[in-house]
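I have placed the structure first, in the form of structure tokens, so that the comments after it can refer back to it.
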Amino acid sequence: MTGTLTSPLPASRVLDANAVADLSQGLRGRVLTADTPGYDDARTIWNAMIDKRPAVIARCASAADVKRAVRFARETGLDIAVRGGGHNIAGSALVDGGVVIDLSPMKSVRVDPVRRIAVVEPGVTLGEFDHDAQAFGLATPVGINSTTGIAGLTLGGGFGWLSRTYGMTVDNLRSADVVTVDGELVRASERENADLFWGLRGGGGNFGIVTAFELGLHQVGPEVMAGLIVHPFNDARALLRRYREVALSAPNELAVWVVMRKAPPLPFLPPEVHGTEVVVFGVLYSGDMKAGERAVAPLRTIGKPIADVVSPHPYTGFQAAFDPLLAPGARNYWKTHDLAPLPDEALDIAIDAVKRLPGPQCEVILAQMGGAIRDTSEDATAYSGRDADWIVNVHGRWSDQAEDERCIGWARRLFTDLTPYATGNAYVNFMAHDEGDRVKTAYGTHYARLAALKQKYDPANILRTNQNIVPAA
């Protein structure tokens, strides 16, 4: 599929102006339509491939606004999309001709340093959450791009640099406030609506709209041992085989991810390296600095790096270190697999794909899993795939629409070539807009339970502009 993902407002969805006026009067937030100033900005999301025109964008300021917006959509028969950070690769934050329930104005973060919990609203980005939590020397496992929204990340499972130490984001979720498709506000936790709580922890936005997340926190930082080790690509085969050995024996406090791409013009790289293929080890150790030096030492025995800038860094700084490479406004198409183990054949396939990168922004990422992710049992949450040693993200990224076919084709080919070595599960947050038929296999043995839960909480499949779980018959 190429081109921009867009379609006109369906002719059958003619809005009742009085209904829109009533919605506007009933919200503390703003209601935007196509003729309202700010509409185009509000429908612009991270992935520039997505260009949809909602009939109404309800920019909610509170849970009460969300309740009202849901009821408006039900009364008018309009499709619903839910926007948190607007960062999802599939573009599920928007819907043509429907209602976008926009949670991005809901920005509260309330940190309790004594109980080590934070109550976080769904419009908060990871950078905003980290900023407030780190004021108390606290953090929880989240992703690696500070502009990502906390809501979508959490509901899909959530993992990042701290996950090998403290588990998935959903493993640290204590409770959630949820507006159901009937427009009611309920609490989900281990003690209240426990079945819903299970489904929220990995099942995506299929069961309701979360208006507050209560997250457990851990002592982290303010400095961590972190940074990049950059190697020439012609050593990739030997480097990755040795890396695999080091990673599998690493302590839980150490996470080492691999990025293979063309080198950006980083100030610590020689100019002659810029634009050439490189192997990058991204490193974070979440514990004591001296222990971190010892843990990183085996990685430093691998090959002859071009640059090694692993040292004490502010945690919040490293959390935003990849932001320039993931800025909004580019066209993105991703493919993903869970891998366990990581055989030589899979490594060689990935290396060959990097030799034919279709553009300077495209990359292959191997995110190291394991560690504390496996401390939570497979059946404890809806997230499926705790047996993965690595998650591979085939990241197609480019600027010119004329490059769509070439970049998408590259990503699909690598995905297909790696399929024989994959577990079958997949991280739903990395799945693109055209993978709806893959949702069932992505959730594996959890899918039947998720479908039954969907039947209970959303039998008409109102929340379906997502990686959709179909209600059980």
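Each reported figure results from applying straightforward, stated rules to the coordinates on display, with no laboratory input. Predicted model only: the values in this text are computed from it and were never measured. Quick reminder, even Gly has a Cβ in these numbers, built from the backbone with ideal geometry, and neighbours come from all protein chains shown.
Annotations
- A simple spin-label model places pseudo-atoms 7 Å from Cα toward Cβ; at Arg110 and Ala17 they are separated by 4.1 nm.
- Considering only beta bridges that DSSP places wholly inside the chain, some 90 percent are antiparallel.
- R0 of 45 Å, Cβ-Cβ distance Ser189-Arg241: FRET efficiency to nearest 0.05: 0.50
- Considering only Cα atoms, the convex hull volume of the stretch 109-220 works out to 88 Å³ per residue.
- Residues Thr316, Thr148 in ascending order of nearby Cβ atoms (within 10 Å, fewest first): Thr316, Thr148.
- In this structure the amide hydrogen of Gly167, modeled in the peptide plane, comes within under 5 Å of the amide hydrogens of Ala372, Ile373, none closer than 5 places in sequence on its chain.
- Remark on Ala212: its backbone amide H falls under 5 Å from those of Asp177, a criterion applied only to residues 5 or more positions apart or on other chains, H modelled at 1.01 Å from N.
- Burial ordering of Lys52, Lys290, fewest other beta-carbon atoms within 10 Å first: Lys290, Lys52
- Think of the chain as having a plus end and a minus end, set by charges on the Cβ of Lys, Arg, Asp and Glu; of Leu173, Ala194, Val280, Ala194 sits farthest toward the positive end of this dipole.
- Take the convex hull of the alpha carbons in the stretch 201-311; its mean projected area over all directions comes to 9.9 nm².
- Label sites at Asp434 and Ala64, each approximated as a point 7 angstrom past Cα along Cα to Cβ, lie 4.6 nm apart.
- Sorted by Cβ neighbour density within 10 Å, fewest at the top, the residues Ser163, Ser311, Ser146: Ser311, Ser146, Ser163
- Cα centroid of the stretch 158-225 to Cα centroid of the stretch 99-121, whole Å: 11
- Beyond 31 Å in Cα-Cα separation lie the following of the pairs Lys290/Lys335; Lys107/Lys440; Lys107/Lys290; Lys107/Lys262; Lys52/Lys107: Lys290/Lys335; Lys107/Lys440; Lys107/Lys290; Lys107/Lys262.
- Amide proton proximity set for Arg83, modelled H, under 5 Å, gap of 5+: Ile101, Asp102, Leu103
- In this simple spin-label model, placing a label point 7 Å from the Cα along the Cα-to-Cβ direction at both Asp35 and Val470 gives a separation of 4.0 nm.
- Calculated over the stretch 381-473: convex hull of Cα atoms, volume per residue (Å³): 119
- Low-density loop positions, GluC sites (Glu not before Pro), the stretch 371-432 - DSSP coil, at most 15 other Cβ in 10 Å: Glu378
- Equivalent ellipsoid, the stretch 223-430 (semi-axes from 5 times Cα gyration tensor eigenvalues, Å): 25, 23, 17
- Alpha-carbon Rg/Rh ratio, for the chain, with Rh computed the Kirkwood way: 0.96
- Each Lys and Arg adds +1 at its Cβ and each Asp and Glu adds -1 at its Cβ; summed about the Cα centre, the chain shows a dipole of about 160 debye.
- Counting charges near Gly183 (Lys, Arg +1; Asp, Glu -1) among other residues having Cβ under 14 Å from its Cβ returns a value of -2.
- Between the stretch 51-93 and the stretch 394-448, the alpha-carbon centres lie 26 Å apart.
- Taking trypsin sites (Lys or Arg not before Pro) across the stretch 126-212, the ones in a DSSP loop with at most 14 further Cβ atoms lying within 10 angstrom of their Cβ are Arg191.
- The P(r) of the stretch 17-102 has a tail past 22 Å containing 16 percent of all C-alpha pairs.
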